[in-house]
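*Asks:* First, the structure itself, so that you have it in front of you.
The values are calculated or read from the model by the stated rules, or taken from the named source; none is laboratory data. If you're wondering where the values come from, they're calculated on a predicted model, not measured in any experiment. Cβ atoms come from the backbone with ideal geometry, glycine included; neighbour counts cover every protein chain shown.
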Amino acid sequence: MNRLAVVTGAARGIGFSISQKLIDSGWSVAGCDVLEDDLKKKSEQLGDNFSAWVLDITDENAVNETAGRIEKELGPVFGLVNNAGITRDGLIMRMRKTDWDTVLNVNLTGAFLMCRAFSRGMLRQKAGSIVNISSVVAILGAAGQANYASTKAGLIGLTRALCREFAARNIRVNAITPGFIETEMTSELSDEVREDYAGRVPMKRMGLPGNVADAVHFLLDDVSAYITGVVLPVDGGLTT
Amino acid sequence: MSLENRVAEIIIDKLGVKPEQVTAEAQFDTDLGADSIDQYELIMGFEDAFGLRIDEDEATKLTTVGKVVDYLKEKGLD
C-alpha cells in the first residue's frame, strides 16, 4: 500500500508540484486547499492516488475534523507538508493589522494546527515526517514583507521545537527555504523584475516548483531517515 | 485482571519500569522517569485500552498511578 502524505496549498504552484512529485514516486496524497475550484481541476490531473480536501487551515475545528476523516478514510498519515501560504505585502507603516493577522493565521497558525492534528497519529505509529515550507525571506528579510517574513521565520522555530519533541519517537521535522521560484505568484511580475531577481541568484536563474518538490520528497522519504531539525535551502545559492 | 493491574501493565510496557516501582503513590515524572511526551503517550495508551477520551485539563492532573486509577473508577471502569 502507498504511503500517505497530506499537503496543504495543494491546488497551485509549489503545493501542486509537490503533490505531483509524491504521486509519481508512489505516494498517495491528501491535498488540502481553500481554493475549491482549482483543487478539483488539479485533482483530475493527478489521478486516483490524489484525494481533494477543501479546508481552511485557519479553522481549528475544520482542521481537526478533516484530519480525523483523512485518517479514517485513507489510513495512517506518514507525511505532512505545510506548504499553504499567502502574502499581503506592504511597508510596515501602511500594513493594516488585518494584513498582519491574516498572513500569520494562514502561514504559521495553520501549520501549527495541522502539526497538532496529525502528530497524535504519528506518535501512535512511531513514524512520520513533517516538512514545513519556509522561505529565504526568513533569513534575508524582504522590504514590504514584515508579516510574511515573520511567519516564514516562525516556521523555522516551529520546525526546531517539534524536532526536539518528536525526535525520540521517529518523527522527523524539517524545513525548506525556497528562493525565487517560478509560480503563479511570480508570473505576475514584469520581465525586468524577474531578470533582476534571477541576476541576484548565484546560479543566475529562478528555480522551478519541481526543485522544491524534489527536496520535499527527499525529506519525506526514508533516504533522509537520520535528518531532522534541518533547514534546507533550495535557492540556487542565494543565502550562501 | 483488576483495573489496577491493567493500568500497571500499560505503564510498565510504555516506560520500561519494574512492576515493584508502580505503586499508587508513584509520580510519573520523578519516580518513573517519564518526560512530558512519555506522559502524553501514557494518556493515549489509557484512552486506547479503556476506550475513552481524556481531555487535556484532566490529563495534566493525572500525575500519579493512583490518580489514574481513581479517575478511571470515577468514569465507571473497574
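*Asks:* I want to confirm something. Restricting to segment A:118-147 and keeping residues that are assigned to a strand (DSSP E or B) and more than 14 Å from chain B (Cβ to nearest Cβ), which single residue is nearest to A:Gly13 (Cα to Cα)? It would help to see each step written out before you state the result.
*Replies:* The initial filter retains those residues of segment A:118-147 that are assigned to a strand (DSSP E or B), namely A:128-133.
Those left that are additionally more than 14 Å from chain B (Cβ to nearest Cβ): A:129-133.
On the way: A:Ser129: 22, A:Ile130: 19, A:Val131: 16, A:Asn132: 15, A:Ile133: 13 Å.
Applying the filter and picking the extreme gives A:Ile133.
*Asks:* Pull out all pairs, ordered by first then second residue, where Cβ-Cβ is under 6 Å, the residues are six or more apart or on different chains, the first lies in segment A:222-240 and is polar (S, T, N, Q), and the second is assigned to a loop (DSSP other than H, G, I, E, B) and surrounded by 15 or more Cβ atoms within 10 Å (Cβ to Cβ).
*Replies:* A:Thr239/A:Val136
*Asks:* Let me ask another. Which one of A:Val63, A:Val29, A:Val77 is farther than 24 Å from A:Thr228 by Cα and among the β-branched types (Val, Ile, Thr)? Steps first, answer last, please.
*Replies:* Working: A:Val29 fails: farther than 24 Å from A:Thr228 by Cα; A:Val77 fails: farther than 24 Å from A:Thr228 by Cα.
Exactly one of A:Val63, A:Val29, A:Val77 is farther than 24 Å from A:Thr228 by Cα and among the β-branched types (Val, Ile, Thr), namely A:Val63.
*Asks:* Just give me the residues in segment A:75-101 being within 18 Å of A:Lys126 (Cα to Cα) and assigned to a helix (DSSP H, G or I), in sequence order.
*Replies:* None; the set is empty.
*Asks:* Tell me which residues, restricted to segment A:116-136, are surrounded by fewer than 23 Cβ atoms within 10 Å (Cβ to Cβ) and within 15 Å of the chain's Cα centre (by Cα).
*Replies:* Within segment A:116-136, just A:Val136 meets the criteria.
*Asks:* Taking segment A:87-114 on its own, how many of its residues are over 15 Å from A:Lys152 (Cβ atoms) and of a type in the set (Gly, Ala, Ser)?
*Replies:* Number satisfying all stated conditions: 1.
*Asks:* Hey, another quick one. What pairs come out if I take residues in segment B:37-61 that are at the interface with another protein chain (Cβ under 10 Å from one of its Cβ atoms) and pair them with residues that are of a type in the set (Phe, Trp, Tyr) whose C-beta lies under 9 Å away, six or more apart or interchain?
*Replies:* B:Ile37/A:Phe166; B:Asp38/B:Phe28
*Asks:* Also, I was wondering about something else. Kindly list the number of the only condition in (1) assigned to a loop (DSSP other than H, G, I, E, B); (2) away from chain A (no Cβ under 14 Å) that fails for B:Gly66.
*Replies:* Among (1) assigned to a loop (DSSP other than H, G, I, E, B); (2) away from chain A (no Cβ under 14 Å), the lone unmet condition for B:Gly66 is (1).
*Asks:* Also: Which condition breaks for A:Glu192 when tested against (1) outside any strand (DSSP E or B); (2) modelled with pLDDT of 95 or more?
*Replies:* (2)
*Asks:* Return the residue satisfying two criteria in turn: it lies in segment B:4-36 and is within 12 Å of chain A (Cβ to nearest Cβ) and assigned to a helix (DSSP H, G or I), and of such residues it is farthest from A:Cys163 (Cα to Cα). Give the derivation first.
*Replies:* If we filter segment B:4-36 for residues that are within 12 Å of chain A (Cβ to nearest Cβ), which is where we start, we get B:14, B:35-36.
With assigned to a helix (DSSP H, G or I) added as a condition, the list becomes B:14, B:36.
On the way: B:Lys14: 21, B:Ser36: 15 Å.
In this case the residue turns out to be B:Lys14.
*Asks:* Consider segment A:158-187. How many of its residues are assigned to a strand (DSSP E or B) and either under 13 Å from the mean Cα position of the chain (by Cα) or among the acidic types (Asp, Glu) (or both)?
*Replies:* So the first thing to find is which residues in segment A:158-187 are assigned to a strand (DSSP E or B), and the list is A:171-178, A:181.
Subsequent filtering for residues that are either under 13 Å from the mean Cα position of the chain (by Cα) or among the acidic types (Asp, Glu) (or both) retains A:173-178.
Looking only at that region, the number is 6.
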